[in-house]
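Visitor: Sharing a structure here in C-alpha cells format.
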Amino acid sequence: MVYLEKFILPDEDREAEIANRRREENGGALGYLENGYPCMLFPQRGLKELDFEPITIFYGGNGSGKSTLLNVIAEKFKLKRQSPYNGGELFLPYARACGYRPGYDDEGEPFAGLPLASRLIASDDVFEYMLTARTRNEEIAENTEDAKGEYAALKYGDTVRFSGLEDYEAVRLQLLARRKSLSRRKFMHKLVGKEVRLRSNGETALRFFDEQLRDGALYCLDEPENSLSPKLQMQMKEILEEKARFCGCQLIVATHSPFLLSMRGAKIYDLDSSPVLPKKWWELENTKTYFAFFYKHRDLFLKK
C-alpha cells in the first residue's frame, strides 16, 4: 500500500525565503539565525523530491540527513511519536513549506490523509520501553514482599467487619484472598500487578516492533535494527516485509543495516551520494564493505 506517493522538499530559493523571514523576525535587516537546520542539507545534493514505494529506505552515515527526513515527514503530517527530536528555529516553517502527493486507494481515489494509526518510531522508543518495563518490574517485586504478608493476614486472620464505606477495600481484598479458585500468585497479580516478561534486549525490541506495527498504516522507522543481533535483524526484515506485503502498511525506514537494506522491493535513497540517487542494496558502500571483508576471509568459512 502507498498512502504517500511523493514528498517535495523546499528548493534553495524557498529555503532562502524561510531563512530571511526568520532573520526579520529576529531583528529586521540585521537579524540573525541561531540555527539554519534543516536548510542547506538536501537541494545542494540534488534532492528535491522523494518518490515512495510500499517500502522506502533512507540510507547514509551519521549526518547524512536520513533521520532529518523522517522527522520532517512526521512533522508535516503531525504523526504520533514518543521520543522528542532535535529541531531548530527553522524546522517548523521548513516542514510547512514541504509539499506532497497522496497515494490512491483501490478505487483510484486519492487518500484524504494518512491512516490514524500512522506514527514515527525511533530507536529511543524501544530503549524507553525496556527501561520502563524494568522499572515497573522492580517496583512490583518490592511491593510483592509486602503483599505476601497482607495475603496471609487476610486469608487466615480475623474476618474484617464491614461497618462503613471506609472498610470496603479491606473487605474486598479479604474476599478476594479467601476465594478457593484464586491462588496466592493470582492474588499478587491483582494486587500489585504482573511483571512484564523481558528477554534479551534484542528479543524485547523485536517484540516491541511486532506489537506496535498495526495493519493499514504508514510508519516512519528510525534505525529499528538497534539492539538487534544479525539473526534478529533477519527476523525484523521478515516482519517488515510481511507488514508491507500482506497487512496494508507503508514503511519509510532510515537504516544502514545490510539485512534491512535487502528487503524485497525496497526503494533505497543513497544519502551519502551527491547527487542523491536511488540505488540497489548491493551497490551501497556499506554492503560492499561487508562483502569485501567476508570475501577476503572466505577461506575460513569454506573450510570443511
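Visitor: Being touching a residue at least 60 places away in the same chain (Cβ under 8 Å), over 25 Å from Met1 (Cβ atoms) and of a type in the set (S, T, N, Q) is the filter here, so list the residues in the stretch 45-64 that pass it.
Guide: Ser64
Visitor: Show the residue pairs meeting these rules: Cβ distance below 8 Å; 6+ apart or different chains; first residue within the stretch 19-42 and assigned by TED's automatic domain parsing to the domain that holds Leu92 and at pLDDT 85 or above; second residue part of a loop (DSSP other than H, G, I, E, B) and surrounded by fewer than 13 Cβ atoms within 10 Å (Cβ to Cβ).
Guide: From residues that are assigned by TED's automatic domain parsing to the domain that holds Leu92 and at pLDDT 85 or above, the pairs are Arg23/Tyr32.
Visitor: Filter the stretch 25-51 down to residues that are surrounded by 22 or more Cβ atoms within 10 Å (Cβ to Cβ) and either closer than 23 Å to Thr287 by Cβ or among the charged types (D, E, K, R) (or both), then give me how many there are.
Guide: 1
Visitor: Looking only at the stretch 52-72, which residues are in contact with a strand residue (DSSP E or B) (Cβ under 6 Å, 6 or more places away or on another chain) and over 19 Å from Asn286 (Cα atoms)? Working first, answer last.
Guide: First, pick out the residues of the stretch 52-72 that are in contact with a strand residue (DSSP E or B) (Cβ under 6 Å, 6 or more places away or on another chain): 52-59, 66-67, 69-70.
Result: Phe52, Glu53, Pro54, Ile55, Leu69, Leu70.
Visitor: Sticking with this one: Given the criteria surrounded by fewer than 21 Cβ atoms within 10 Å (Cβ to Cβ) and under 30 Å from Pro115 (Cα atoms), does Leu260 qualify?
Guide: So Leu260 does not fit the description; no.
Visitor: Counting residues that are under 22 Å from Ser273 (Cα atoms) and either touching a Phe, Trp or Tyr at 6+ places or on another chain (Cβ under 8 Å) or not hydroxyl-bearing (Ser, Thr, Tyr) (or both), which strands (runs of 3 or more DSSP E) fully inside the stretch 33-129 reach at least 3?
Guide: Details: elements: 49-51, 55-59, 99-102, 119-122.
Because the criterion is at least 3 residues that are under 22 Å from Ser273 (Cα atoms) and either touching a Phe, Trp or Tyr at 6+ places or on another chain (Cβ under 8 Å) or not hydroxyl-bearing (Ser, Thr, Tyr) (or both), the strands (runs of 3 or more DSSP E) in the stretch 33-129 that meet it are 49-51, 55-59.
The values are calculated or read from the model by the stated rules, or taken from the named source; none is laboratory data. Since the model is a prediction, treat every value here as computed from it, not as a measurement. A quick note on method: Cβ atoms are made from the backbone with ideal geometry, for glycine too, and the neighbour counts reach across all protein chains shown.
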